[in-house]
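Bear in mind these aren't lab numbers, they're just calculated from the coordinates by the rules spelled out. Small disclaimer: the values here were computed from a predicted structure and weren't measured. Please note: Cβ atoms are built from the backbone with ideal geometry, for glycine as well, and neighbour counts cover all protein chains shown.
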Amino acid sequence: MHQNSFTIISSLNKTILLTLISFILLTTGCEQQKTTPVAGGVAQLSGKLNITGSSTIAPLAAELAAIFESKNPQLRINVQTGGSSRGLADIRQGVSDIGMVSRKLKTEENDIQAHLLANDGISIIVHKDNPITSLTEEQIKSIYLGKIKNWKSLNGVDKKITVINKAEGRSTLEVFLHFFKLKNVNIKPDVIIGDNEQGVKLVSRNRYAIAYVSIGTAEYNIKSGTTIKALPLDGVEATTEKLASGEFPLSRELNFVTKNKPSPLAQAFLDYSRSNEARKTIEEFGFVPIK
Amino acid sequence: MNALPTNNNLADTLLKIASWASGIFIVLFFGYLLFDITVNGFSRIDFSFFYESPVNAGRQGGIAPMLISTLLILILCLCISLPIGIASAIYLAEYTNEKQWFSRFIRRCLNIISGVPSIVMGLFGYAFFVIALKLGFSLLSGALTLAAMVLPLLIRSIEDSLRAIPQSYRLNAHALGLSQWRMIFQILLPMASQGILLAVILSIGRAMAETAALLYTSGYVMRTPDSIMDSGRSLSVHIFDLSMNVPGGEPSAYASALTLIVLLLIINTITAYISRIIKNRSIK
């Protein structure tokens, strides 16, 4: 028994050792690759750029970063998510180079520089089978304040309204509250959600729910056949077209932010994100690029 | 069970029905989950899905970088947690008794750690490994955070399997004049190897499913990592982002989830196979 168990231990040891060695070889091998210069005609950027913040912008920023990296193979852009508040905190602490904030900067945030990337609208969504075709600002306000609790009083079906609100720290919430002049403590939600897609999923499965999500998200889902519809606001349809023309009232800014003047590297990426080429990518994500 | 004479009263019948129903419920639940994920995810998977990089935030393209990051995080996490786990379990099972204050203190700590929500663990990992130790968003930070999360599970189950070894083995070893070292490494650990591997399987499952703790430590970057100091997105974070933040990301999310489950099944099968080999060898 001793003999046998001894061989087991040593073979286990060997496996672990082998794994470790191959692992070290793997990592150092890649390290070497990194230092080999890449031949290129144009002067290429190199270095590392950290971008953190809003989960609404993060997938778009990651995609822009991937395209920009492929043009500059020596450049590494790391995009991290976590919300607009985190984006602001990280650039204040110097943890990141560029922050992502999906709202307009407040006047007291004047230590921060904003670089507008795109606009995003917020649309009120209900289930496709809900007979309601439009709501006034006042009605939406009353629903969220819990004064209207049943669709019947809005000439709908006799069913209780499921009110879906966004979680604290989400800029969609802040923009929504600001537009309807509401305070979050007064809102009587049935469900509190984090991300846009979560709102779409809930409403598409609940005929009597109401929520507000990014216009791009809503439009994409409506086009691909999800059972939701976006309600017009002040008689203006909730589409990216109406948002681009400036007619749709409930909109928000998507900003890249920096603490001081951006570094040359950060500036190069910011310039790229406003280029004509980047516009296409931004539109693919359902946002409206700046003119 | 059949050999035992049974008193067929109502309570027995009810118990039987209840336990059968629970068993069937679990199988149905897992079956439905697997069915749903397969139906929605399978059409999105082709061979290139496994070796291509994601395109368009993951709506098109593959998941190769995520697979690599996930496996690297997993290997790193086990390299860190397994030695510490085995050593702590040996200490708890062989060097102290259950009533001693320090071992009770360790157990109390482990119980608390295992009850900490993973998002809190993630924030701890962010504050400690990423910021304070300046490891940055990296596979290493993620692996360290995960290691801290799986340690309680690892230590407690290894300790249990060490304690399950009859005391007579230890007494005999001492009577034969074996050193503590040889007794532990040549008798006790091989005998406990099945339990250790089971603990490893459970830890792998927990580590691969973890999302919240990794979002803030190993990060969100979709590129293939160059080294363990690079940020890399794990499969679970990828699934989370596709289903929560990317409009139209659902098919890819399902496909990635299917990959994750199949990967887990493969790893579990391999570990079970290794465990059988070890068992057969040590029985001889």
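For the reader, a short list of remarks on this structure follows.
- Here is the list for segment B:66-137: trypsin sites (Lys or Arg not before Pro) lying in DSSP coil, each with at most 13 other C-beta atoms within 10 angstrom of its C-beta, are B:99, B:134.
- Neighbourhood charge, 13 Å Cβ-Cβ cut-off, centred on residue A:78 and excluding it, Lys, Arg +1 and Asp, Glu -1: -1
- Leading residue at positive end of dipole, the protein assembly as shown (Cβ point charges), from B:221, B:48, B:95: B:95
- Restricting segment A:44-137 to GluC sites (Glu not before Pro) that sit in a DSSP loop and have at most 16 other Cβ atoms within 10 Å of their own Cβ leaves A:108, A:109.
- The eigenvalues of the Cα gyration tensor, multiplied by 5 and square-rooted, give segment A:154-279 an equivalent ellipsoid with semi-axes of 31, 18, 14 Å from largest to smallest.
- Counting other Cβ atoms within 10 Å as a rough exposure proxy, the listed residues A:84, A:263 run A:263, A:84 from fewest neighbours to most.
- When each of the peptides B:224-235, A:173-184 is scored by the mean number of other C-beta atoms lying within 10 Å of its residues, the order from highest to lowest reads B:224-235, A:173-184.
- Dipole moment magnitude, nearest 20 debye, the protein assembly as shown about Cα centre, only Lys, Arg, Asp, Glu C-beta charged: 1260
- Partner shielding of B:217-227 amounts to 6, given as the average count of beta-carbon atoms from other chains within 10 Å of each residue beta-carbon.
- 10 Å Cβ neighbours from other chains, averaged over peptide B:238-245: 5
- Part-to-part distance (alpha-carbon centres) for segment B:21-50 and segment B:110-157, which is given in Å: 30
- Within segment B:20-99, GluC sites (Glu not before Pro) in DSSP loop having at most 14 other beta-carbon neighbours inside 10 Å: B:98
- Segment A:241-287, dipole about Cα centre (Lys/Arg Cβ +1, Asp/Glu Cβ -1), debye to the nearest 20: 260
- Span-like helix check, chain B: qualifying full DSSP H segments, with Cα axial length of 18 Å or more and mean Kyte-Doolittle of -1.0 or more, are B:10-41, B:64-90, B:101-115, B:139-163, B:189-209, B:250-283.
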